[in-house]
Protein chains: 4
Amino acid sequence: MRTAELGVAMLGHGFMGQAHSRALAALATIEDGPRAIPRLVSICGRDRDAVESSRARWGWESASLDWREQLADDRVDVFDNVGPNSLHLEPSLAAIAAGRHVLCEKPLAGTAGEARRLWREADRAGVVHMCGFNLRFLPAVRVARELIERDELGEITHFRARFLASSALREDQRRTWRFDRAVAGSGAVADLGSHLVDLARYLAGEPVAVTAATRTFVPIRDGQAVDVDDAFAGVVELDCGALGTLEASRAAGRRGNECAFEVDGTRGSLGFDVERLNTLEVIDERKRRTRIDVTSPGDPFMALWWPAPGHAIGWGDSFVHELRHLLEAVASSGSVRPHGADFEDGYRCAAVCDAILEAARGGRRVEVRYE
Amino acid sequence: MRTAELGVAMLGHGFMGQAHSRALAALATIEDGPRAIPRLVSICGRDRDAVESSRARWGWESASLDWREQLADDRVDVFDNVGPNSLHLEPSLAAIAAGRHVLCEKPLAGTAGEARRLWREADRAGVVHMCGFNLRFLPAVRVARELIERDELGEITHFRARFLASSALREDQRRTWRFDRAVAGSGAVADLGSHLVDLARYLAGEPVAVTAATRTFVPIRDGQAVDVDDAFAGVVELDCGALGTLEASRAAGRRGNECAFEVDGTRGSLGFDVERLNTLEVIDERKRRTRIDVTSPGDPFMALWWPAPGHAIGWGDSFVHELRHLLEAVASSGSVRPHGADFEDGYRCAAVCDAILEAARGGRRVEVRYE
Amino acid sequence: MRTAELGVAMLGHGFMGQAHSRALAALATIEDGPRAIPRLVSICGRDRDAVESSRARWGWESASLDWREQLADDRVDVFDNVGPNSLHLEPSLAAIAAGRHVLCEKPLAGTAGEARRLWREADRAGVVHMCGFNLRFLPAVRVARELIERDELGEITHFRARFLASSALREDQRRTWRFDRAVAGSGAVADLGSHLVDLARYLAGEPVAVTAATRTFVPIRDGQAVDVDDAFAGVVELDCGALGTLEASRAAGRRGNECAFEVDGTRGSLGFDVERLNTLEVIDERKRRTRIDVTSPGDPFMALWWPAPGHAIGWGDSFVHELRHLLEAVASSGSVRPHGADFEDGYRCAAVCDAILEAARGGRRVEVRYE
Amino acid sequence: MRTAELGVAMLGHGFMGQAHSRALAALATIEDGPRAIPRLVSICGRDRDAVESSRARWGWESASLDWREQLADDRVDVFDNVGPNSLHLEPSLAAIAAGRHVLCEKPLAGTAGEARRLWREADRAGVVHMCGFNLRFLPAVRVARELIERDELGEITHFRARFLASSALREDQRRTWRFDRAVAGSGAVADLGSHLVDLARYLAGEPVAVTAATRTFVPIRDGQAVDVDDAFAGVVELDCGALGTLEASRAAGRRGNECAFEVDGTRGSLGFDVERLNTLEVIDERKRRTRIDVTSPGDPFMALWWPAPGHAIGWGDSFVHELRHLLEAVASSGSVRPHGADFEDGYRCAAVCDAILEAARGGRRVEVRYE
């Protein structure tokens, strides 16, 4: 009993475009219970040949060079914005205005103010809105949240998270859009740090104050000054009293994609690393470290996969879970369930990122201000 | 430039049916270079409602209750036999006779004699034939083979592999077909051990003699005697002079799906566990243990996935690689490339499994006989 | 309240001599409760300068070139035989005859018959006798035994152990006494495999039958044929019904000292590797893998060490525990407690090793015979 | 050819007293080359029975209730100060004045000013001075430094270290001296953080500025306010341009003794955790993670131990290496070699700790001031 077919239009066809497209295709062959099926209506990019190639490869019905055209298409229920950061605000606002449900990749916008505007507009319009923090949709991260909600860690005393990569140290050292403040907003803070801030909020508590420092290790690229950070490290105070450390870098040795967090409470601890995404590590009251392989059919999201335990899923599958959640939320008339990050989460994350940048610039503790 | 659309008919819709169906669906959105695209023509099972449900869920065009009907269908180029072991021989032989290319799950047949017949017939008919040893299509396993081929381990002295699960210890202790010799052929030997034998052959060398013992820990199920083994352990001598140990069990504590191997040579070692499938461990001449995360775009098969390193794939993705290999082999007029296990591999594996069972029964060393 | 000072004489001053000497010295500064203190009376070797150097370095009172002289010394209560394998039988028999308590390194003797003679004589003489299976005295191994005794694993279905080293692959390939059957008895079987057999017996059950194969990868050393095995692999059937695999090699890549075991039961599993000797891994009924760091003051033997958890001990400390156990047993008038391997254990281990060698020679299953 | 016997007097007989006493005892049986042998002259404490008990257990010749008495003893060459923090300054100054060589545990003093005075006085007096940063004497830490000195990591971009324990969360929540500022100086900053600062300086560079926050999770103990921190987290800028994070806590779940660091450079990374003290992890330019077991006879300090690789040492053995280094320095007329932390290191570390506390109090970035 399928309750709906929902038309999707996608803006962008880079890395995230690939991830979202494959996930949408996979959703057509995955079912557990009534839900919505995606229809891949159109994909949009600036270069005609490139976007047509992506269209053909990923199974979209049509290619477009203009996102306004996508929003005018009656077949489109959901606007999936996976474009570069500078294209998050205007197209998403237009999609909201056109009554489309919107998924926008992180960071939601260049500043907290812009992000807040997106949230307020989406909320006012009554559309479903989601911000693409896909890590919330990994089974191990969900189990982490469940353990904390069941108070298995006691009162949280520490949260620490890091996202260590080395993309800034590649030999070519090109000045892609990610190193251009006008397009990217900031560097490691917005690109990688936003994931960490969302994890802190999802798992431990609301940040209330931060101190931080940033670094730009490669100051010149392609003959131009780099005006964003390659790395930051910060201390964050959470409303629950916990002390947090956040660190993100694109210049961390040769690390690939090491997005990891730890939570310590008065009774135990847990840890996760996306490079071992099927696993959650827990330290219990007896100091025992348990590696929980979250690969059994009864684990979160895993009913979608295999009937026997021990069969790992991949990073890309987080998008299957995320987009399925979006479609369900839309099909259920907009009652977004608690775990999907929405635009309010995107805004609150941006407010923390702004505070981090301000603290680093000023060399002082900055309180996070939510309007 | 897509060179072909190939019609696929599938017999069976259990666990492997799910895995193959999803992989075939995924292949439609994955491309690198000219190749064949699968068309999911028909899926076959015994129960009308169940097979129709699978058809709808997994995107097959039609459902069938008769594999003979599938083989008569002109749209079918490839027969994908994922039925229970006792349905491997006859339908696969019929498919060969009908000129279809065939992928048959492991174990290829109940005895080495039957497996050899399948191989000889497929070879004579000139169709592409493949036996479903999907582990060969994991990136880390492929890298293991490449390291060995480049002689980085020196002369191989030891091969050890194990497949440890606990499905026989479930509380219900039902006598499913896997505990019935008439359907399954044997127990852990055929079901799990066949993977290990194939890995030994793929990586280290041809088995020439074996000694072994078997155990049936739960001798009565549903009031009936169990006539297959729950576990075996064996020593295998390889033609290269290496000493091997093989062990498979469905009664190993609460282990889930621990299929692991190690190869030792005169200059180094390597190790792999399917529960950490993105990783290969290597011990070099300086005794250093290196964890190689096989997740970079340049790693085997990984060009199909993500543009940045550190993004794990899942167990199910091995079938994407396997079925893509099959379709390429068919589209390229049958020149199966070396890594895909074919029916000869399935036969040779069966000969070793027969020798293991004979050695265990007789309490003596048995030489493997290939006709 | 120290109850005794016990004089020790040591035969041999190689690797084990170093380990035992340091442990004896450490015992002088370690105390918890009344016990015996060792007095390092004399150390014996064949080369006058070498043994004098060892004496001075390790704090022995006198050096000797004749173990008979040691046994005639009234100050000697305990004879610690750490000489080469061929010197285990005669001096230990003489020590027993002289009424000395005896610790003899493994393997207890060249054959089961000789080992049995040692056991029977020591038993008859009423002296304390111990065979140097030091791994029993590692905290994590002791915890493994305790877990099994408390039935936390359920009925044991599998035991597997391996001792993988690479000493036979060193470039020089000298024919030391370890490669000479006349001195060593056998190769990897006696030297490394004896540890594995003892662990099987200590943790899982008595071996009743074995099948096996051996290999000599470097057949010529120093121009002479090597008449012992470099490696063996075997399947062992235990009296409890469990299936075991044992494997030892001196030609396993570049592995250093990888002595590891696993026990699977109907309710869980555990695993240990001496290269991570402070840790025991447990898999529970929920498939969770727990790394237990056995480093808290309440853990076995750890009251001897540090007041706070997380402070690892070293391999050499196993000898501190072992020799302390010996001294306590002597001081308590010979009531050897259960965990210390005695000469009966040494004999039973030798019987299994003999069966392994016979099974490998004959290519058939051999039942272990205890007289 | 032993060159000297050096008399040692020890102040304190708690945890560190135990560790140093055992190490001194072990030094008597360890030798490689000419060096000094310790003579355990006297041990000092406040409680007559307790100190006598320690004297007897650990092999000291005499017990004392007055460290001035120890310093007046002609047999004493070296003063080993392992007393509580508040007893570091005065007795160590007196020892210097009396011409004794001094090892003082960390933190060297309650403030940077006091620590500087100790350094200046010791330097002026020409005695050998050492501050007890024992982690520098772990083989893996030494290898880490060697790799960095050989420029294998390239330019250092990140240093991060943490010392996570849970001693503040014990049920009794007693207000021991460690929770009393008058005795301890500060809490986690001085006790645990000082190790991290020393590691940063030893491996990566001099701290030039810090931001930080502290927390006291259990504000009342035994009815009294706790006036020290239970935890701190800070960002530290190093003179080499690297960005560092430091975090120490006595309230981190149930963690035991997790003192760990990581260094990232432009070409690679390395990591270490004292709970796995025999191992160093390295990430190379090809993103490969190598676990180096620093247990071969050729590794730093390991010539003191076993002739074959794979034999782990324990945490306590770091003190053997540290005290041996001290004795060698004294015997060689005071030419302290580079790796031993001296009082200047103790002072510089204290200056950073002071800056951390000031930054946390003021909510602002504080530059580290060295006089």
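Each value in this text was obtained by applying a stated rule to the coordinates, not by laboratory testing. It should be emphasised that the depicted structure is a prediction, and the values quoted were computed from it without experimental measurement. Cβ placement follows ideal geometry from the backbone for every residue including glycine, while neighbour counts extend to all protein chains displayed.
Remarks
- Residue-averaged beta-carbon neighbours from other chains (10 angstrom radius) around C:154-165: 4
- In segment B:126-184, the C-alpha radius of gyration followed by the widest Cα-Cα span (Dmax) gives 18.0, 48 angstrom.
- Under a 5 Å amide H cut-off, with hydrogens placed 1.01 Å from N, residue A:62 pairs with A:42, A:43 among residues at least 5 apart or on other chains.
- Placing +1 on each Lys and Arg Cβ and -1 on each Asp and Glu Cβ, with no other charges, gives segment C:185-252 a dipole about its Cα centre of roughly 140 debye.
- Debye-sum result for segment C:67-191 in log10 I(q)/I(0), which assumes one identical scatterer on each alpha carbon, at q = 0.12, 0.13 Å⁻¹: -0.62, -0.71
- Of the residues A:357, A:318, A:341, the one whose Cα sits farthest towards the positive end of the charge dipole of segment A:307-371 is A:357 (charges of +1 on Lys and Arg Cβ, -1 on Asp and Glu Cβ, taken about the Cα centre).
- Long-range HN-HN contacts of residue A:37 with modeled amide H, under 5 Å: A:4, A:5, A:6
- The label-point distance for residue B:239 and residue C:227, in a model that sets each label 7 Å from Cα toward Cβ, rounds to 3.4 nm.
- Neighbour net charge for residue A:172 - beta-carbon separation under 11 angstrom, K R +1, D E -1: +2
- Once the C-beta distance of residue D:65 and residue D:175 is scaled by a Förster radius of 22 Å, the resulting FRET efficiency is 0.30 to the nearest 0.05.
- Ratio of Rg to Rh for the protein assembly as shown: 0.98 [Cα atoms; Kirkwood radius as inverse mean 1/r over pairs].
- Unit charges at the beta carbon, dipole of chain B: most positive-side option, B:204, B:156, B:216: B:216
- Summary of the geometry: segment A:137-169 and segment D:83-110, compared by the centres of their Cα atoms, lie 43 Å apart.
- Remark: segment A:274-281, residue by residue, has Karplus-estimated 3J(HN,Hα) of 5, 6, 10, 6, 8, 10, 10, 9 Hz, where x stands for each Gly or Pro and the curve is 6.51 cos²θ - 1.76 cosθ + 1.60 at θ = phi - 60°.
- Positive-pole candidate from A:132, A:113, A:143, dipole of segment A:111-159, charges at beta carbon: A:113
- A crude spin-label estimate for the pair residue D:183 and residue B:339, with each label 7 Å from Cα along the Cβ direction, gives 6.4 nm.
- Summing charges over neighbours of residue A:91, with a neighbour being any other residue whose Cβ is under 11 Å away from its Cβ, gives -1 when K and R count +1 and D and E count -1.
- Taking amide H atoms as placed 1.01 Å from N in the peptide plane, the amide H of residue C:279 lies under 5 Å from those of C:294, each 5 or more residues away in sequence or on another chain.
- Only DSSP H runs of four or more residues enter the estimate; each adds -39500 (n - 2.57), and after division by the residues of chain A the mean residue ellipticity at 222 nm equals -9000 deg cm²/dmol.
- Distances between copies at residue D:220, taken between label points 7 Å from Cα along the C-beta direction, are 6.3, 6.6, 8.5 nm in increasing order.
- Chain C residue nearest by beta-carbon to the axis mapping C to A, with distance in Å: C:290, 2.
- Simple point charges give the picture: +1 on the Cβ of Lys and Arg, -1 on the Cβ of Asp and Glu, and for chain D a dipole about the Cα centre of about 540 debye.
- Pseudo-label separations to other copies for residue A:154 - Cα-to-Cβ vector, 7 Å, nm: 3.3, 4.3, 5.1
- Rg ratio (alpha-carbon, reference 2.2 N^0.38 Å) - chain B: 0.97
- Surrounding net charge for residue B:312, when Lys and Arg each add one and Asp and Glu each subtract one, Cβ distance under 10 Å: -2
- Shown in residue order for segment D:238-254 are the 3J(HN,Hα) couplings computed by the Karplus curve 6.51 cos²θ - 1.76 cosθ + 1.60 at θ = phi - 60°: 9, 5, 7, x, 6, 9, x, 10, 10, 8, 9, 8, 9, 9, 9, x, 10 Hz (x for Gly and Pro).
- Ratio Rg/Rh, restricted to segment A:250-314 and using Cα atoms, in which Rh is the Kirkwood radius: 1.05
- Hz values of 3J(HN,Hα) by residue in segment C:352-358 - Karplus curve (6.51, -1.76, 1.60), Gly and Pro given as x: 5, 4, 4, 5, 4, 5, 5
- One compactness figure for segment B:1-101 is 1.03, namely its Cα radius of gyration divided by 2.2 N^0.38 Å.
- Largest-first principal axis extents of the Cα set of segment D:199-278 (Å): 52, 32, 17
- Once the mean of 1/r is taken over each pair of separate Cα atoms and inverted, segment C:219-371 shows a Kirkwood hydrodynamic radius of 19.2 Å.
- Plainly put, segment B:124-257 has a radius of gyration that is 1.03 times its Kirkwood radius, both from alpha-carbon atoms, as the Rg/Rh ratio.
- A Cα-only calculation for segment D:310-371 places Rg and Dmax at 17.2, 49 Å.
- Label-point separation in nm, residue D:37 to residue D:4, each point 7 Å along Cα→Cβ: 1.6
- Sorted shortest first, the distances from the residue A:362 label point to those of the same residue in the other copies are 1.6, 8.5, 8.7 nm; each point sits 7 Å from Cα along Cα-to-Cβ.
- Quotient of C-alpha Rg and 2.2 N^0.38 Å, computed over segment A:50-97: 1.17
- Dipole in debye (nearest 20) - the protein assembly as shown, about Cα centre, beta carbon charges: Lys, Arg +1; Asp, Glu -1: 0
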